[in-house]
1. Based on the mean of other beta carbon atoms within 10 Å per residue, what is the order of 75-81, 26-32, 50-56, 96-102, most packed first?
2. Tally up the carbon and sulfur contribution to the accessible surface of the range 12-117 as a whole percent, 1.4 Å probe, everything protein left in place.
Amino acid sequence: MQKSSFFKSYGFKFIDFIFLLIFIAVLAFSILSLGKKGAKEPTLIVTTPTGQYIYPLNKDREIPVKGLIGITIVKIKDGKASIKDSPCPNKTCVACTPISGNFEWIACLPNQVFIRVEKEDEAEDIKPDVSTF
């Protein structure tokens with residue numbers, strides 16, 4: 001009488017067992033590396049006609065940036081960013097609510113200054129734009 005092994009009874013070959021071990025190792029490594037991801041500080045990205053600038057939101061400051069028609073003052077206070085002043089005629093950007101959430105933005109279109117917040121570790125802040133559905 002021949003002994004039946006686990007591999008033969010289920011149709012597994014030795015190479016199948018090796019691939020299964022590799023798959024489990026990669027899966028375990030992926031799960032562990034996700035848990036080690038450090039929480040990054042939220043950053044403010046300011047885009048102008050002359051370049052792109054990155055600032056942490058945890059330090060209060062006022063940043064003058066040169067736009068197409070003049071200087072726009074970006075204000076960071078208490079972890080929120082806003083446009084304090086701009087040379088645009090209607091000042092819609094100045095009236096906007098301060099931003100602090102992931103992917104929130106404010107734009108001064110006449111001066112071509114665009115500010116946005118990025119938080120890489122907060123996927124739950126992502127809110128779909130209803131107008132795209």
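The values are calculated or read from the model by the stated rules, or taken from the named source; none is laboratory data. Quick caveat: nothing in here was measured; it's all calculated off a predicted structure. Cβ atoms come from the backbone with ideal geometry, glycine included; neighbour counts cover every protein chain shown. Note: accessible area is taken over every heavy atom of the protein model, side chains too, but ligands, DNA and RNA are not part of it. Shrake-Rupley method; radii C 1.70, N 1.55, O 1.52, S 1.80 Å.
1. Answer by packing, highest mean first, reads 75-81, 96-102, 50-56, 26-32.
2. Result for the range 12-117: 66 percent of the exposed heavy-atom area is carbon or sulfur.
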